[in-house]
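*Asks:* Please see the structure below; I have some questions.
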Amino acid sequence: MEQMAKDAEAHAEADKKKRAKIEVRNEADAAVHNTKKNLDEHKANLPQEVQDDVQTKIVELEQLLSDDEADAEAVRKAVDELQQSAMKMG
């Protein structure tokens, strides 16, 4: 019984990290989808440099997401950068 409790404690930290990674990846997927949609809708009204910047950030984040071993913090940073670029569309 004690061994099972110790095993559960040992796996709790790994489960927590795995859950955080999944949540960040889901947030990143949503950010990419929403930004692409907004970019397509407003492309005609945006300066080319804003379009290029946003598109570059989308590609960078998609490349990071294609790596299953990508660090959650790196993904979060890329999401933040995409969101900062996307704000220029508004």
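*Asks:* Pairs only if they're at least six apart or on different chains, beta carbon under 7 angstrom, first in segment 1-22 and under 28 Å from Ala74 (Cα atoms), second in a helix (DSSP H, G or I); list them, first residue then second.
*Replies:* Ala20/Ala72; Lys21/Ala72
*Asks:* Applying the selection to segment 46-90, what residues are surrounded by 14 or more Cβ atoms within 10 Å (Cβ to Cβ), more than 18 Å from Ala30 (Cβ to Cβ) and not charged (D, E, K, R)?
*Replies:* Leu46, Val50, Gln51
*Asks:* Let me ask something else about it. Quick one: what pairs do we get from segment 30-47, first residue within 14 Å of Met87 (Cα to Cα), second open to solvent by less than 60 Å² (accessible area, probe 1.4 Å) and outside any helix (DSSP H, G or I), C-beta under 7 Å, 6+ apart or different chains?
*Replies:* So the pair list comes out as Asn38/Met89; Leu39/Met89; His42/Met89; Leu46/Met89.
The values are calculated or read from the model by the stated rules, or taken from the named source; none is laboratory data. If you're wondering where the values come from, they're calculated on a predicted model, not measured in any experiment. Don't worry about glycine lacking a Cβ; one is built from the backbone with ideal geometry, like all the others, and counts go over all protein chains shown. Accessible surface areas use protein heavy atoms only, side chains included; no ligands, DNA or RNA. Shrake-Rupley method; radii C 1.70, N 1.55, O 1.52, S 1.80 Å.
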